[in-house]
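Asker: Below you will find the structure I want to go over with you.
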Amino acid sequence: MDSQNTKLTREALGLSQVQFAQILGVHPLTVSKWERGVTPLPDYYDAFFRQFQIAAKDKEVRDQIKGALIGAGVVVALALLLKHLTK
(Lines give C-alpha, C1' and ligand atoms only; values in the text may rest on other atoms or scores of the structure.)
Protein backbone atom coordinates (compact mmCIF):
# COMPACT_ATOMS: atom_id res chain seq x y z
CA MET A 1 0.00 0.00 0.00
CA ASP A 2 1.37 3.41 -0.83
CA SER A 3 1.60 6.32 1.59
CA GLN A 4 -1.46 8.12 0.17
CA ASN A 5 -3.64 5.05 0.63
CA THR A 6 -2.43 4.70 4.21
CA LYS A 7 -3.56 8.26 4.93
CA LEU A 8 -6.87 7.80 3.09
CA THR A 9 -7.60 4.63 5.05
CA ARG A 10 -6.95 6.39 8.38
CA GLU A 11 -9.08 9.34 7.34
CA ALA A 12 -11.88 7.06 6.13
CA LEU A 13 -12.04 5.67 9.66
CA GLY A 14 -12.27 9.23 10.98
CA LEU A 15 -9.16 8.92 13.12
CA SER A 16 -6.36 11.40 13.74
CA GLN A 17 -2.75 10.31 13.41
CA VAL A 18 -2.48 10.30 17.21
CA GLN A 19 -5.59 8.14 17.64
CA PHE A 20 -4.46 5.75 14.92
CA ALA A 21 -1.00 5.49 16.47
CA GLN A 22 -2.49 4.75 19.90
CA ILE A 23 -4.71 2.02 18.48
CA LEU A 24 -1.81 0.43 16.59
CA GLY A 25 0.64 0.79 19.47
CA VAL A 26 3.10 2.93 17.55
CA HIS A 27 4.37 6.49 17.94
CA PRO A 28 2.39 9.20 16.09
CA LEU A 29 5.56 10.12 14.19
CA THR A 30 5.60 6.57 12.81
CA VAL A 31 2.13 7.08 11.33
CA SER A 32 3.26 10.42 9.91
CA LYS A 33 6.33 8.80 8.32
CA TRP A 34 4.18 6.05 6.79
CA GLU A 35 1.81 8.64 5.33
CA ARG A 36 4.63 10.76 3.91
CA GLY A 37 6.39 7.73 2.44
CA VAL A 38 9.49 8.30 4.59
CA THR A 39 9.26 4.87 6.22
CA PRO A 40 7.77 1.85 4.46
CA LEU A 41 4.70 0.29 5.99
CA PRO A 42 5.56 -3.07 7.63
CA ASP A 43 3.96 -6.04 5.87
CA TYR A 44 1.65 -6.90 8.78
CA TYR A 45 0.24 -3.37 8.88
CA ASP A 46 -0.04 -3.34 5.09
CA ALA A 47 -2.34 -6.38 5.22
CA PHE A 48 -4.27 -4.81 8.11
CA PHE A 49 -4.74 -1.52 6.23
CA ARG A 50 -5.87 -3.29 3.07
CA GLN A 51 -8.68 -4.85 5.08
CA PHE A 52 -9.54 -1.40 6.47
CA GLN A 53 -9.80 -0.08 2.92
CA ILE A 54 -12.26 -2.78 1.97
CA ALA A 55 -14.38 -2.24 5.07
CA ALA A 56 -14.18 1.56 4.98
CA LYS A 57 -16.24 1.68 1.79
CA ASP A 58 -19.39 0.91 3.82
CA LYS A 59 -20.18 3.65 6.37
CA GLU A 60 -21.96 1.32 8.79
CA VAL A 61 -19.11 -1.18 8.74
CA ARG A 62 -16.57 1.67 8.95
CA ASP A 63 -18.28 3.02 12.07
CA GLN A 64 -18.35 -0.44 13.66
CA ILE A 65 -14.66 -0.96 12.93
CA LYS A 66 -13.78 2.45 14.30
CA GLY A 67 -15.69 1.71 17.51
CA ALA A 68 -14.07 -1.69 17.87
CA LEU A 69 -10.58 -0.31 17.26
CA ILE A 70 -11.02 2.46 19.78
CA GLY A 71 -12.45 -0.01 22.28
CA ALA A 72 -9.60 -2.45 21.74
CA GLY A 73 -7.10 0.37 22.08
CA VAL A 74 -8.60 1.39 25.41
CA VAL A 75 -8.60 -2.20 26.68
CA VAL A 76 -4.97 -2.65 25.69
CA ALA A 77 -4.02 0.65 27.30
CA LEU A 78 -5.75 -0.33 30.55
CA ALA A 79 -4.04 -3.73 30.56
CA LEU A 80 -0.65 -2.10 30.11
CA LEU A 81 -1.41 0.43 32.82
CA LEU A 82 -2.45 -2.32 35.25
CA LYS A 83 0.67 -4.31 34.40
CA HIS A 84 2.79 -1.25 35.11
CA LEU A 85 1.03 -0.54 38.41
CA THR A 86 1.60 -4.09 39.68
CA LYS A 87 5.39 -3.86 39.30
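The values are calculated or read from the model by the stated rules, or taken from the named source; none is laboratory data. Here the structure is a predicted model, which means the values were calculated and not measured. Note that each Cβ is placed from the backbone with ideal geometry, even for glycine, and that neighbours are counted across all protein chains shown. The accessibility values were calculated without ligands, DNA or RNA, using every heavy atom of the protein model including side chains. Shrake-Rupley method; radii C 1.70, N 1.55, O 1.52, S 1.80 Å.
Asker: Can you put THR30, THR9 in order of accessible area, largest first, using a 1.4 Å probe? The partial results should precede the final answer.
Answerer: Details: THR30 45, THR9 5 Å².
The ordering from most to least exposed comes out as THR30, THR9.
Asker: Something else about it: In what sequence, largest accessible area first, do GLU35, GLU60 appear using a 1.4 Å probe? Spell out each step's value before the answer.
Answerer: Working: GLU35 20, GLU60 125 Å².
Result of the area sort, largest leading: GLU60, GLU35.
Asker: Right, something else. Could you tell me which trypsin sites (Lys or Arg not before Pro) in the stretch 1-66 are loop residues by DSSP with no more than 10 other beta carbons within 10 angstrom of their beta carbon? Walk me through the intermediate numbers first.
Answerer: Details: sites: LYS7, ARG10, LYS33, ARG36, ARG50, LYS57, LYS59, ARG62, LYS66; in loops: LYS57.
Listed in order of number, the matching sites are LYS57.
Asker: Of ILE54, ILE70, ILE23, which has the most accessible area with a 1.4 Å probe, and how do the rest follow in descending order?
Answerer: These residues rank, largest area first, as ILE54, ILE70, ILE23.
Asker: What's the FRET efficiency of ARG62 with VAL26 using the Cβ-Cβ distance as r and R₀ = 22 Å, to the nearest 0.05? List each step's numbers first, then the result.
Answerer: Details: r = 21 Å, r/R0 = 0.96.
The computed FRET efficiency comes out at 0.55.
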